[in-house]
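> This is the structure, below, for whatever I ask next.
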Amino acid sequence: MWLWFHKLSSPPHAYRTAGRLRPWFFWPAILLLLIGTYGGLVLAPEDYQQKDAFRILYVHVPSASMSLMVYVALAVAAAIGLIWRMKLAHAFAAACAPVGAWFTVLTLVTGSIYGKPMWGTWWEWDPRLTSELILLFLYLGYMALRASFDDTQRADRASAILAIVGVVNVPIVKYSVVWWNSLHQGPSISKLAAPSIDPSMLWPLLVMMLGFVLYFAAVMCDRIRGEILRRERNASWLSEIAVGT
Amino acid sequence: MTPRRRRMVLVGLILLGVGGAVALALTAFQDNLLYYYTPTQVAAGEVPNDRLFRVGGMVTEGSFRREPGSLEAQFVLTDYESNVTVSYTGVLPDLFREGQGIIARGRVARDGRFIAEEVLAKHDENYMPPDVADTLRKQGDKRVTTPIATSTVESGAE
């Protein structure tokens with residue numbers, strides 16, 4: 001297992017592996033997103049109370065869960081990079097940030113569009129909404145901090161600390177609706193009891209969520225390759241590839 | 001202790017320290033973080049009287065009153081312990097119905113009524129198709145609410 005770990009952490013190997021894996025993530029992601037969209041917009045029945053307006057959750061919920069998951073991935077990668085001095089882990093964390101930030105923006109925008117007809121407001125300073133906004137600022141702060149260093153290694157270490165500190169916000173976002181009185185309703189699918197969403201409406205949501213995860217993986221394959229190219233621009237293995245093709 | 005182990009402990013300590021500090025801060029500011037008060041807190045007088053605040057609860061069945069041709073609505077909010085009568089002039093959100101969770105922002109008047117300046121509807125975490133809702137409603141499931149005509153346009157048409 002350690003051999004595999006070391007092999008993967010070598011930039012040329014990771015570069016090739018990411019390139020090879022990409023289509024295996026990308027095409028299933030597109031397929032799942034198409035199925036999920038059709039299922040969510042056409043096949044799923046309307047909600048008894050919210051009518052057709054609830055369908056925005058097929059984008060809102062997956063992007064919200066991705067905004068949290070990507071942050072956890074980023075923070076874990078940053079911690080691994082910090083503890084084991086693994087450059088590839090730092091590269092992974094750096095590649096995560098803009099993707100996670102866009103998922104957060106998508107969550108906030110779709111949530112706002114959802115909130116206006118349902119709650120009667122575009123925005124409220126409610127615990128869930130506010131903590132999700134803080135998550136966006138954490139992503140932006142991480143990216144800004146990285147950009148402020150010329151030296152990649154120093155950028156890696158400083159931003160890793162910020163990423164690790166920021167992970168405290170993740171459980172706050174997740175449990176804000178349980179811990180405090182909130183305008184946002186409680187969890188529907190991630191609780192221990194049976195999901196309080198009808199199976200006919202649930203399956204497109206799960207398909208969409210899986211589609212989002214695979215899409216993220218495909219995008220990450222590209223981004224990690226870009227990040228490796230940038231970091232290893234003077235390495236000999238790269239010039240060999242460049243000359244060879 | 002290897003340098004790697006030392007860095008691991010450092011990361012652990014950062015997490016522990018920041019986590020602890022945030023947990024303490026959140027507990028200390030619990031009152032200020034409160035997004036809305038419950039009718040019980042209003043009845044017990046545990047609410048600010050110098051500023052606007054929010055009260056959240058269920059709209060009691062059969063409590064909704066609105067004069068024809070007027071936008072002034074009156075209804076009772078309950079948390080199944082205490083009640084607060086809310087009066088509000090304006091357009092109510094689409095999801096407003098009896099048995100529905102509502103959050104109203106405003107202040108308490110001298111006569112004990114809550115004068116709302118804004119009413120928001122809170123929807124629950126249950127999603128189901130209409131026919132499933134009908135079945136549940138027939139079985140007397142309290143979670144399923146029935147829409148009522150709340151806008152003057154609707155009540156004029158019916």
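Only the coordinates and a few stated rules stand behind these numbers; no lab work does. Remember, it's a predicted structure, so these values are computed and weren't measured experimentally. Reconstructed Cβ throughout: ideal geometry from the backbone, glycine too, with neighbour counts over all protein chains shown.
> Whole-Å semi-axes of chain B's equivalent ellipsoid, largest first, each the root of 5 times a Cα gyration tensor eigenvalue?
Gyration-tensor ellipsoid for chain B: 42, 23, 13 Å.
> Sorting check: for A:27-36, A:231-240, A:56-65, which peptide has the highest mean count of neighbouring beta carbons within 10 Å, and how do the rest follow?
Highest to lowest by the protection proxy: A:56-65, A:27-36, A:231-240.
> Using each residue's phi in segment A:51-56, evaluate 6.51 cos²θ - 1.76 cosθ + 1.60 at θ = phi - 60° and report the 3J(HN,Hα) Karplus result to the nearest Hz, with x for Gly and Pro.
6, 6, 5, 5, 4, 5
> For segment A:144-152, in order, what is each residue's ³J(HN,Hα) by Karplus, 6.51 cos²θ - 1.76 cosθ + 1.60 with θ = phi - 60°, in whole Hz (x at glycine and Pro)?
5, 4, 4, 5, 7, 9, 7, 8, 4
> Hey, quick one: spin label on B:Arg5, modelled 7 Å out along Cα-Cβ, who in segment A:83-100 has an amide N within reach, i.e. under 18 Å?
Residues A:83-85 qualify, since their backbone N sits under 18 Å from the label point.
> Using Cα springs under 10 Å in a Gaussian network model of chain B, which residue among B:Gly106, B:Gly57, B:Gly20 shows the largest mean-square fluctuation?
Of the options given, B:Gly20 has the highest mean-square fluctuation.
> Would you tell me the mean number of C-beta atoms belonging to other protein chains that fall within 10 Å of each C-beta in B:125-138, as a whole number?
Averaged over the peptide's residues, the number is 6.
> If amide H atoms are built 1.01 Å from N in the plane of the peptide, which residues on other chains or at least 5 residues away come under 5 Å of the amide H of B:Ala73?
B:Tyr88, B:Thr89, B:Gly90
> Mind counting lysine pairs for me in chain A? Cα separation below 23 Å, and the two need to be 8 or more apart along the chain or on different chains.
Taking chain A as the scope, the lysine pair count is 4.
> Can you work out ³J(HN,Hα) from phi for every residue in segment B:67-79, in order, using Karplus 6.51 cos²θ - 1.76 cosθ + 1.60 and θ = phi - 60°, giving whole Hz and x for Gly and Pro?
Those phi angles translate into 5, x, x, 10, 9, 7, 10, 9, 8, 10, 9, 9, 10 Hz.
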